[in-house]
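Right, one structure below, let's go through it.
Read the figures in this text as sums done on the coordinates, not as results from a lab. Everything numeric here is computed off the predicted structure, so don't read it as measured data. Heads up, the Cβs are rebuilt from the backbone with ideal geometry, glycines too, and the neighbour counts pull from every protein chain shown.
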Amino acid sequence: MYDHAAYTRKRAAEDSGTVYLLEQCVMLCVSLQLFARLEARRCLKDIEPRLFPEDGGPDHGEVVELFGLEGTGKTELLYHLLCRCVLPEAAGGLEVDVVFVDTDYSLDMLRLVSILDTLSSSPSLFGPAEVALRSCLSRLLVVQCSSSSQLLLTLHFLETTLSSRPTLALLLIDSISAFYWLDRCEGGTSFTKQEEKLGRCAELLGRLLRDYRITVFATCHAIRRPVLPSSSSSSSSSESERSYLCRPWQRLVTHRLLCSRQEPGNDIAAAGGDGQEQRRRQVFTIHCSSSSSSSSRVKASWSSSFCVTDAGVEFLSDTHQ
């Protein structure tokens, strides 16, 4: 005898099982796609060996803070790192995509294009100079922000971009401290409200670092003149290097580059010359300290020097400390 109710229950169970299997297949496909994207993202430990101790460059999901006064070469270093990433591998570059978040509205595109044009100007290797330059610039995305709220929205937008562009490996922020005083004014007398916006940005950025394993370089303006570390002034240097930004951001930072500018010697000052010649002779110093992401204990340090030329940053020496 035909039992319609039993037949209906049987079909419902079969349909339920089919739906479950389909859902599992979809989840598996999504997981595999995400895993493939994460695996395809380039590690940037070798982005610039002269800035970090041996094999001590930033790994997947790490943050490098460039800390120093205005005019200490921080933005020029970002240009150098940007060019190293967007240049093709045949030119010694890493050939990855870069996002440049300009919060200071100080990005000099003419300067950047001039450096790229110099570094990619060999027609025999990369084809016509204009084609090579366009290829490099196609790997660059520039975003400008005028407030912490816009920075937060930009990071939300970046999540969509990261999920669709596995070649995007580097995020540059110039600078992360741009809205410090504005946020303090808007926060009134509440210390929590003063740090709330940047704290939310740091928390979202932390999630992006975990999920997409990008590398971040961000500049931070020093409020007081930093003192280079030395055995005779360790306490004063520690005080001047102390970050004043919110704790969520400080917890993200795994490498700190303390940037300073060497005062020109008397012989250079006496030589005079035009402004361009003086800029060529200006020497900048970087002191790198690397620490574990789970501890503030310093693991290694490194010092190097560079000058700025028409072709970008030119390193002079490396000194392990």
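Calculate I(q)/I(0) for segment 78-217 by the Debye formula, one identical point scatterer on each C-alpha and no solvent, and give its log10 at q = 0.09, 0.16, 0.18 Å⁻¹ to two decimals. The calculated log intensity ratios at q = 0.09, 0.16, 0.18 Å⁻¹ are -0.32, -0.85, -1.00.
With an a/c value of 1.5 or above and a/b larger than b/c for the gyration tensor axes a ≥ b ≥ c computed over the alpha-carbon atoms, segment 140-181 is described as prolate. Ordering 173-184, 209-220 by mean Cβ neighbour count within 10 Å, with the highest value first, yields 209-220, 173-184. Packing, taken as the mean count of other beta carbons within 10 Å per residue, orders the peptides 303-309, 252-258, 109-115 from highest to lowest as 252-258, 303-309, 109-115.
Taking other residues whose beta carbon is less than 11 angstrom from the beta carbon of SER147, and scoring Lys, Arg as +1 and Asp, Glu as -1, yields -1. Restricting attention to segment 33-103, which chymotrypsin sites (Phe, Trp or Tyr not before Pro) occupy a DSSP loop and are surrounded by at most 11 other Cβ atoms within 10 Å? Taking segment 33-103 and a limit of 11 other Cβ atoms within 10 Å, no loop chymotrypsin sites (Phe, Trp or Tyr not before Pro) are found.
As an exercise, use a Förster radius of 41 Å and the Cβ-Cβ distance of ARG184 and ALA90 to find the FRET efficiency, rounded to the nearest 0.05. Efficiency at R0 = 41 Å is approximately 0.30. Summing +1 for each Lys or Arg and -1 for each Asp or Glu among the other residues whose beta-carbon sits under 12 angstrom from that of ASP104 gives -3.
Each Lys or Arg adds one and each Asp or Glu takes one away; over the other residues whose Cβ falls under 9 Å from the Cβ of CYS85, this sums to +1.
Cβ-Cβ distance of THR160 and GLN282, R₀ of 35 Å, FRET efficiency by 1/(1 + (r/R0)^6): the value works out to about 0.30.
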